[in-house]
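One structure is given below, encoded as structure tokens.
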Amino acid sequence: ADARHVAAHVVMDYDGASARLLVSEGGVNLLPAWKPDSSGLAYTSYLKLNPDLYFYDLRSRKSAVLSDKRGLNSRAAYSPDGSRIALVMTHKGTAGIFLIGSGGGKPQALVQNDWSINTAPAWSPNGEWLVFGRQIDGKLDLWRMRPDGTGEQQITSTDDWQEGAPVYLPDNETILYR
């Protein structure tokens, strides 16, 4: 295998047929997220030795930087209408949840504090909520908030589980997590 393609993004049919390389720029490329209109995908790349967020345009077959703040720029989640991206950033300290426009721009902090690690944002299908993981004192639980950062609610509280990777189901009520 060509070393340049070890950490690439590949698309294929449901049965594994017709695999084709999408993104392979020589860096480690992780955590792809399809844009809802299927025009491309956001992904994290270490191409410049920092975990930066990029957009790969399927039409032009080119990548562009969406967020390259020092520190983590990762775990992109598109809003249902594709106009905004929730992501995890660490440029202000601990991991927080931020919003940027789908074409990049200045990040808006939704959750950023020095007493917790916030990660893995996911939108509800109607765009009214963001669910995310929050780790406090080594204990990971799920929380949700409105896309403007208001209405924070803790939705799980367990001592023996480490809930994570939440995803809303189409009913806007049910959340699947690991």
Only one of (1) open to solvent by less than 10 Å² (accessible area, probe 1.4 Å); (2) modelled with pLDDT of 95 or more; (3) of a type outside the set (F, W, Y); (4) out of contact with any Gly (no Cβ under 6 Å at 6 or more places or on another chain) does not apply to M145, and that is (4)
So, first residue within 17 Å of D148 (Cβ to Cβ) in region 112-125, second residue among the basic types (K, R), Cβ within less than 6 Å, six or more apart or across chains; the pairs are Q112/K92; N118/R134
Exercise for the section: State whether the residues of region 111-122 include one that is closer than 17 Å to Q153 by Cα, among the small types (G, A, S) and over 13 Å from the mean Cα position of the chain (by Cα). Expected result: yes
Within region 108-120, restricting to residues that are assigned to a loop (DSSP other than H, G, I, E, B) and not hydrophobic (A, V, I, L, M, F, W, C), the one that is most open to solvent (accessible area, probe 1.4 Å) is D114
Within region 24-55, the count of residues that are open to solvent by 20 Å² or more (accessible area, probe 1.4 Å), closer than 21 Å to P80 by Cα and not hydrophobic (A, V, I, L, M, F, W, C) comes to 5
Result of the Cβ filter at 6 Å on region 6-21, keeping first residues that are modelled with pLDDT of 85 or more and in a strand (DSSP E or B) and partners that are among the polar types (S, T, N, Q) and open to solvent by 80 Å² or more (accessible area, probe 1.4 Å), at least 6 apart or interchain, is none
Going through region 22-43 in order, the residues found to be in a strand (DSSP E or B) and of a type in the set (A, V, I, L, M, F, W, C) are L22, V23, L30, L31, A33, W34, L41, A42
Here the residues within region 98-107 that are in contact (Cβ under 8 Å) with a residue 40 or more places away in the chain and either of a type outside the set (A, V, I, L, M) or open to solvent by 20 Å² or more (accessible area, probe 1.4 Å) (or both) are S102, G103, G104, P107
message: Among the residues in region 164-172, are any among the small types (G, A, S) and exposed (fewer than 12 other Cβ atoms within 10 Å of the Cβ)?
response: no
So, first residue free of Cβ contacts under 8 Å to residues at least 60 places away in the same chain and acidic (D, E) in region 148-163, second residue surrounded by 10 or more Cβ atoms within 10 Å (Cβ to Cβ) and part of a loop (DSSP other than H, G, I, E, B), Cβ within less than 8 Å, six or more apart or across chains; the pairs are E163/T156; E163/Y177; E163/R178
Restricted to region 71-101 and to residues being modelled with pLDDT of 95 or more and among the hydroxyl-bearing types (S, T, Y), the residue nearest to the chain's Cα centre (by Cα) is Y78
Screening S60, S74, S67 for residues that are surrounded by fewer than 20 Cβ atoms within 10 Å (Cβ to Cβ) and of a type in the set (S, T, Y) leaves only S60
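The values are calculated or read from the model by the stated rules, or taken from the named source; none is laboratory data. Since the structure is predicted, the reported quantities are computational estimates derived from the model, not experimental observations. As a convention, Cβ positions derive from the backbone with ideal geometry for all residues, glycine included, and neighbour counts pool all protein chains shown. Surface areas here come from the heavy atoms of the whole protein model, side chains and all, with no ligands, DNA or RNA. Shrake-Rupley method; radii C 1.70, N 1.55, O 1.52, S 1.80 Å.
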